[in-house]
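Here is the structure we will look at, set down as structure tokens.
The values are calculated or read from the model by the stated rules, or taken from the named source; none is laboratory data. Everything numeric here is computed off the predicted structure, so don't read it as measured data. Neighbour counts are summed over all protein chains in view; Cβ atoms, including those assigned to glycine, are modelled from backbone coordinates with ideal geometry. Ligands, DNA and RNA are excluded from the accessible area calculation, which covers all protein heavy atoms including side chains. Shrake-Rupley method; radii C 1.70, N 1.55, O 1.52, S 1.80 Å.
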Amino acid sequence: VEIYSLYVDCKVTSRFAHTVITSRIVNRANESREAIFEVELPKTAFISNFSMSIDGKVYPGIIKEKAAAQNEYDTAVSQGQSAGLVKITDRKLEQFHVSVSIAAASKVTFELTYEELLKRQLGKYELLIKVRPKQLVKHFKIDVHIFEPQGIHFLETDSTFMTNELTEALTKVQNETKARILFNPTIDQQKINSELDETLLNGDFVVRYDVKREATAGDIQIVNGYFVHYFAPQEMPVFPKNVIFVIDRSGSMTGRKIEQTRDALLKILQDLRLEDHFSFITFSNKVVEWKSSLLPATEENVASAAAFVQTLTARGGTDINGALLAAVSMLEKDEGLPERSVSMIILLTDGQPTSGEKNVEVIQENIQKAINGKYALFCLGFGFDVSYKFLEKMALSNGGIARRIYENADAALQLQGFYQEVATPILMQIEMQYPENAIEGLTKNNFKLFFEGSEIIVSGKISNDLDLLPVEIKAQSHTSDLTLKEEANVKEKEQVFQNQRYIFGNFIERLWAYLTIQQLLGKAISAQEEDQKLLEAQALNLSLQYSFVTSLTSMVVTKPSDQQQEDLANKPTEAG
């Protein structure tokens, strides 16, 4: 079975990426064989289309509500035979896998489309394309088009498998607002060496870029009555942070995990700013405070903390409740913290609560009551024995986020990378205001914190008769209270995208739907049961309307009648 053509076609328009992967396979054997289509895509993406065509007959993927699809599927297939088409493969990717049996000399074309809004992290957007054909491919091509009306500030490509030979197959063309990256190696360039028919193409192909930012109140783009507003201020004074690291040193952290935690903490200590205050609380079944209050990050204090970190060993149970309450209480009673500053608690744990309060609902309630909206709680779950759902709900209920740290060689780097994302808060209490009567379906428009290097995105639908869209941003910086104003001329903004031939027409509407679904699902995690059902119902409607495979929908993959009738593709979530 030979893959004779593999195309990855990706169009990024104003951060919204639309990727189509087309694989053409021929069965050169003289009996029927299994053709496999396996693609790894970013977890943050939603699959929006899939089809298989065998000798000219098309078998489409149909997106349905998850429960309905599952019922049909269970009826069609004898129980116990489940084909999970999508599974998480690593911290950034999930894998889509379909196989179909094709007759001798038959051809099959697989086509998968997925969409995602690229998220700015540490000052850049990253488009990740996983390349793993597992064989030499006669016609292989990755074709990326980027159009950013704000202008491209810098652009780089990176790959884990490049050789000098392969570099010759890579071309980059760019002007002020557009870029095209083409990678089409010949069969000879794909070979590990001339004797072996083995491919070098195995790994990540990454495009990173950032855009120019002139307007102080961000950038507004409008297509077909939908707008998106990007806001990422630069060169602002940084808020001093008051940060308490709450570190799990229960028995299960022993060995590699505690070593990687120590390595990461030592690096993080070096990154603290002089005006920051910090402390440590470590916990097993006992909760231990390194000092009774937060200390300024002077050279002396940082050195003393580093010495403490090196003594961390792991044994005992897991009292998450006690440790977090101790952290809140330390922040509460500290009189000496700078007036305009940002307080945060960073929890790192690898397990379930096993001592002190063990009921996760009670813990969530206790912590939310204690924090009471005053501090941000970030929860890092180390490995797969944690209840990620519990950590995620706790973080989202308290103005933070949760992240899973994957247990592999770069775990210390993952921890450090997470810290860098939250290390430089430059705005607080950000409110993005638009004329109330002129906008429908506005996405989240108030944010507790803005960290340097990230980006705030708000989208909505403009009512028909609006010529000017006025926006007002209110926020607190370290030195003052800000009000930024901007007016967008709707007709002028619509012109920008008029003559761009490679833009799919309704991309801002799809971006709006993508963002709205992500936010509804995020909100549902920390909502009460009745609200949760309501939020999920809204997210489901949008998922079906825009045909996205989300955690609430499934794609039914139909197959020729002589084979198992259908497969189901569900989107896995980090919480499982």
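For the reader, a short list of remarks on this structure follows.
- In the stretch 434-458, residue nearest to M236 (Cα to Cα) [restricted to those that are among the hydroxyl-bearing types (S, T, Y) and under 20 Å from the mean Cα position of the chain (by Cα)]: S454
- Scan the stretch 319-352 for residues that are open to solvent by less than 30 Å² (accessible area, probe 1.4 Å) and in contact with a helix residue (DSSP H, G or I) (Cβ under 8 Å, 6 or more places away or on another chain) and the total you get is 13.
- Count of the stretch 191-220 residues, restricted to those that are in contact with a helix residue (DSSP H, G or I) (Cβ under 8 Å, 6 or more places away or on another chain) and of a type outside the set (A, V, I, L, M, F, W, C), is 2.
- The residues of the stretch 418-434 that are open to solvent by 10 Å² or more (accessible area, probe 1.4 Å) and within 24 Å of H478 (Cα to Cα), listed by number, are Q420, E421, A423, T424, M428, Q429, E431, Q433.
- Selection count where residues are of a type in the set (G, A, S), more than 24 Å from the chain's Cα centre (by Cα) and buried (at least 16 other Cβ atoms within 10 Å of the Cβ), scope the stretch 353-391: 3
- Exactly one residue out of S459, S463 is open to solvent by 30 Å² or more (accessible area, probe 1.4 Å), touching a helix residue (DSSP H, G or I) at 6+ places or on another chain (Cβ under 7 Å) and touching a residue at least 12 places away in the same chain (Cβ under 8 Å), and it is S463.
- F205, sole failed condition from (1) modelled with pLDDT of 95 or more; (2) buried (at least 18 other Cβ atoms within 10 Å of the Cβ); (3) more than 29 Å from V39 (Cβ to Cβ): (3)
- Criterion applied to Q221, Q190, Q234 was being within 30 Å of S480 (Cα to Cα) and either crowded, with 20+ Cβ neighbours inside 10 Å or in contact with a Cys (Cβ under 6 Å, 6 or more places away or on another chain) (or both), and the one residue passing it is Q221.
- Selection status of F278, more than 27 Å from Q352 (Cβ to Cβ), of a type outside the set (A, V, I, L, M), open to solvent by less than 20 Å² (accessible area, probe 1.4 Å) and in contact with a strand residue (DSSP E or B) (Cβ under 6 Å, 6 or more places away or on another chain): yes
- Matching residues in the stretch 152-173 - criterion: being in contact (Cβ under 8 Å) with a residue 24 or more places away in the chain, exposed (fewer than 15 other Cβ atoms within 10 Å of the Cβ) and not hydrophobic (A, V, I, L, M, F, W, C): H153, E156, D158, T160, T163, E165
- Test result for K134, more than 26 Å from the chain's Cα centre (by Cα) and of a type in the set (K, R): yes
- Summed over the stretch 287-318, residues that are outside any loop (DSSP other than H, G, I, E, B), open to solvent by 30 Å² or more (accessible area, probe 1.4 Å) and either free of Cβ contacts under 8 Å to residues at least 24 places away in the same chain or over 26 Å from M394 (Cα atoms) (or both) total 11.
- Some residue of the stretch 240-254 being surrounded by fewer than 18 Cβ atoms within 10 Å (Cβ to Cβ), over 30 Å from P470 (Cα atoms), modelled with pLDDT under 95 and not small (G, A, S): yes
- Failed item in (1) farther than 30 Å from T479 by Cβ; (2) open to solvent by 10 Å² or more (accessible area, probe 1.4 Å); (3) more than 27 Å from the chain's Cα centre (by Cα), with K257 passing the rest: (3)
- Hits in the stretch 175-187 (condition: loosely packed, with under 14 Cβ neighbours inside 10 Å and either of a type in the set (D, E, K, R) or assigned to a strand (DSSP E or B) (or both)): E176
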